[in-house]
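Everything on this sheet refers to the single structure shown next.
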Amino acid sequence: MDTKKTKEGFNTILFGFAFSPTLNQNITEVTRLAHYFDAELVLLHVGAYNEQKEGEINRVIQKTEHANRVKEVLWKEGDPYSTIKNFVNQSDVDLLVLGAQQHETLYRFYIGSVARKLTRHVNCSVLLLINPSIERKPCQHIVVNGLDHENTFAAISQAFFAGHKLQSKQITVVEEIQNSELKISVEDDSSLKKAVKKESEITEREDKRVHQIIDEIPKELKKDIQLKTQSIFGKRGYSLGHYAEVVRADLLVINAPKSSGLFSRIFTRDIEFILSDLPTDLLIVRAS
């Protein structure tokens, strides 16, 4: 595990915005986020420029508490996916934010196929906002994926960074374990005991692995945050998303899929379970 390659935090945030009914909420939320993360904010609209729209977005920005975080507003015409991807990959953006309400017609546009492709093809982390608000809703509980993977340190590290900056009270690291790992068919009391013992051994192993990662996180990021680890046996992606929904997490943090290989295809499929029915705001972390 090479922790030196992982940098906590984000310096430049790009928000792809649309002129939707929740424009005020989205801009207020993302400027607030830039404030808490101490980052510069770039706003990008994929669509034709006109003075009326420019006036509207400027009025919205000026009404926010943290308007000074907006570095610039950009206007680019073209295909949303290609335009956003090319801009991100040719700039120094650390975090791409996309936001829309689930009941908006634009929900499928931004958090549907476009987001699915962007999470795999941009070279930065991606935050999907489904609950933008004018009034701040505290981020009390963060759930983060604890999958046994080389990029999990980055996901857990950024979860603690976000928790520290957003003054979260709890972070739960979820270790998703596939049922196939048990390799025991429960048919009687004897096999049940073996299964329970095996499950306990796997849980202990996973907890130990996760705590080794957490030990590497800077102490200042862990201060005043309650840590919990939770092993779940089930289908990867689905189990994580369901758990985040059940505990009413305010933010779910997961690894970004790698760009190639069999594991990438499997991991991407797991993320599809979460993207198809987002339980809460989702941060997809790409290791630097």
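Read-outs throughout are calculated quantities, based only on the coordinates presented, and are distinct from any laboratory measurement. All figures in this text were calculated on a predicted structure; none of them were measured in a lab. Here Cβ is always computed from backbone atoms with ideal geometry, including for glycine, and neighbour counts include all displayed protein chains.
The simple Förster model, with R0 at 30 Å and r as the Cβ-Cβ distance, assigns Asn24 and Asp207 a FRET efficiency of 0.10. The number of Lys pairs in the range 1-82 with C-alpha atoms less than 20 Å apart, excluding pairs fewer than 8 positions apart on the same chain, is 4.
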